[in-house]
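Notes follow once the structure below has been shown.
The values are calculated or read from the model by the stated rules, or taken from the named source; none is laboratory data. Values in this document were obtained by computation on a predicted structure and should not be read as measured data. Here the Cβ is made from the backbone with ideal geometry for all residues, glycine too, and neighbour counts use every protein chain on show.
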Amino acid sequence: MGDSMIEIRALEFTYPDSDFFLRIPSFQIDKQEKVAVIGPSGSGKTTLLNLVAGILVPEHGTVRCGGSDISALGDAARRDFRITRIGFVFQDFELLDYLGMLDNVLHPYRISKALKLTREVRERAGDLLQQMGLGDKLTHGVGRLSQGEKQRVAICRALLPSPQLVLADEATGNLDPRNKGHILDLLFEAVQAHGSTLLAVTHDHELLPRFDRTIDFNDFLGGTGS
Ligand code: ADP
Ligand code: MG
């Protein structure tokens, strides 16, 4: 299985105060694959991305990511792993409203010793924001940006470290149709250029042909008998 980027086996997960139960007998994504995840709201798509990123830890089973068993790593190691290897575009962006765009994009470099903030990184951050059509607003606080602008900042932050895995949680959900095509092109170009793997949750069925494969989240739900 040397070509796997993500490998999940016999996973079981519950939240402490909820009757939601996620069970994934087996799930695998190859390196450099581009996979879309679809499924109804509340079915566990965001939970899956959080498990893959090591933000959540399963009660049972294993999550291997880039060859590492992340369910076996300690908190600090898991965080470093995530910050250096995974670009996560969160569904709710998770930007810091009191910081400007550029500082949001550079923030992972400031909070983790695992990433080195060099002049080259700064320049690339500016270039990325420029490509996303945000180049004239680098120091604007993100609190007052539109949803679509926040989403683009979140995408830049995720892509800056050239992660081997990009997790995108409805990353085009707030973009108008014209921006959507452009931003998606940039996301796919970045993934292609770095030979990264892409796992993207989307509700946008017209985008599905751009992916190598689509996973319908209903297949993971209880009673599939696998
Ligand atoms: P999706 O992304 O497919 O809409 P989620 O993974 O966000 O679904 O949520 C799956 C289920 O888990 C939902 O029923 C949701 O209410 C519940 N859930 C999500 N996050 C938490 C949490 N932190 N604590 C308790 N329940 C949660
Ligand atoms: Mg979600």
**OP:** List every residue pair whose Cβ atoms lie under 6 Å apart, where the two residues are 6 or more positions apart in sequence or sit on different chains, the first residue falls within segment 29-51 and is in a loop (DSSP other than H, G, I, E, B), and the second residue, located anywhere, is within 15 Å of ligand 1 (Cβ to nearest atom) and among the aliphatic types (A, V, I, L, M).
**Re:** Gly44/Leu22
Subject >> Failed item, numbered, when Glu12 is tested on (1) within 21 Å of Leu198 (Cβ to Cβ); (2) touching a Lys or Arg at 6+ places or on another chain (Cβ under 7 Å); (3) not hydrophobic (A, V, I, L, M, F, W, C) >> reply: (1)
Original post:
Which condition breaks for Phe217 when tested against (1) within 27 Å of Leu22 (Cα to Cα); (2) surrounded by fewer than 22 Cβ atoms within 10 Å (Cβ to Cβ); (3) away from ligand 2 (no atom under 16 Å from the Cβ); (4) not charged (D, E, K, R)?
Top reply: (3)
Original post:
Only one of these conditions is not met by Arg78: (1) more than 16 Å from ligand 2 (Cβ to nearest atom); (2) part of a strand (DSSP E or B); (3) not aliphatic (A, V, I, L, M). Which number is it?
Top reply: (2)
Subject >> First in segment 123-141 and more than 16 Å from Leu96 (Cβ to Cβ), second anywhere and aliphatic (A, V, I, L, M) and at pLDDT below 90, Cβ under 9 Å, 6 or more apart >> reply: Gly126/Leu138; Leu128/Leu186; Gln130/Leu138; Gln131/Leu186; Met132/Ile183; Met132/Leu186; Gly133/Ile183
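Would you call Thr172 in a loop (DSSP other than H, G, I, E, B) and more than 21 Å from Arg110 (Cβ to Cβ)? Can you show your working first?
Numbers: in a loop (DSSP other than H, G, I, E, B): yes; more than 21 Å from Arg110 (Cβ to Cβ): yes.
Yes.
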**OP:** Go through segment 1-23 and give me each residue that's over 19 Å from the mean Cα position of the chain (by Cα), more than 8 Å from ligand 1 (Cβ to nearest atom) and of a type outside the set (Phe, Trp, Tyr).
**Re:** Met1, Gly2, Asp3, Arg9, Ala10, Leu11, Glu12, Thr14, Asp19, Arg23
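Could you check how many residues of segment 170-214 are polar (S, T, N, Q), under 21 Å from Gln32 (Cα atoms) and either within 16 Å of ligand 2 (Cβ to nearest atom) or touching a helix residue (DSSP H, G or I) at 6+ places or on another chain (Cβ under 6 Å) (or both)? Before you say what the answer is, go through the steps one by one.
As a first pass, look at segment 170-214 and keep what is polar (S, T, N, Q): 172, 174, 179, 192, 196-197, 202, 214.
Adding the requirement that they be under 21 Å from Gln32 (Cα atoms) leaves 172, 192, 196-197, 202, 214.
If we keep only those that are either within 16 Å of ligand 2 (Cβ to nearest atom) or touching a helix residue (DSSP H, G or I) at 6+ places or on another chain (Cβ under 6 Å) (or both) too, we end up with 172, 202, 214.
Total meeting the criteria: 3.
Scan segment 30-47 for residues that are farther than 19 Å from Arg79 by Cβ and either of a type outside the set (D, E, K, R) or within 10 Å of ligand 1 (Cβ to nearest atom) (or both) and jot them down.
Correct list: Gln32, Val35, Ala36, Val37, Ile38, Gly39, Pro40, Ser41, Gly42, Ser43, Gly44, Lys45.
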**OP:** Among what's in segment 20-49 and is polar (S, T, N, Q) and more than 15 Å from ligand 2 (Cβ to nearest atom), pick the residue that is farthest from Gly87 (Cα to Cα).
**Re:** Ser26
**OP:** State which residue is surrounded by the fewest Cβ atoms within 10 Å (Cβ to Cβ) when the search covers only segment 155-199 and only residues that are within 16 Å of ligand 1 (Cβ to nearest atom) and within 30 Å of Lys113 (Cβ to Cβ).
**Re:** Asp169
Original post:
Only one of Asp92, Asp17 is modelled with pLDDT under 95, within 16 Å of ligand 2 (Cβ to nearest atom) and charged (D, E, K, R); which?
Top reply: Asp92
**OP:** Please specify each residue of segment 175-189 satisfying the condition of being without any contact (Cβ under 8 Å) to a residue 60 or more places away in the chain and in a helix (DSSP H, G or I).
**Re:** Pro177, Arg178, Asn179, Lys180, Gly181, His182, Ile183, Leu184, Asp185, Leu186, Leu187, Glu189
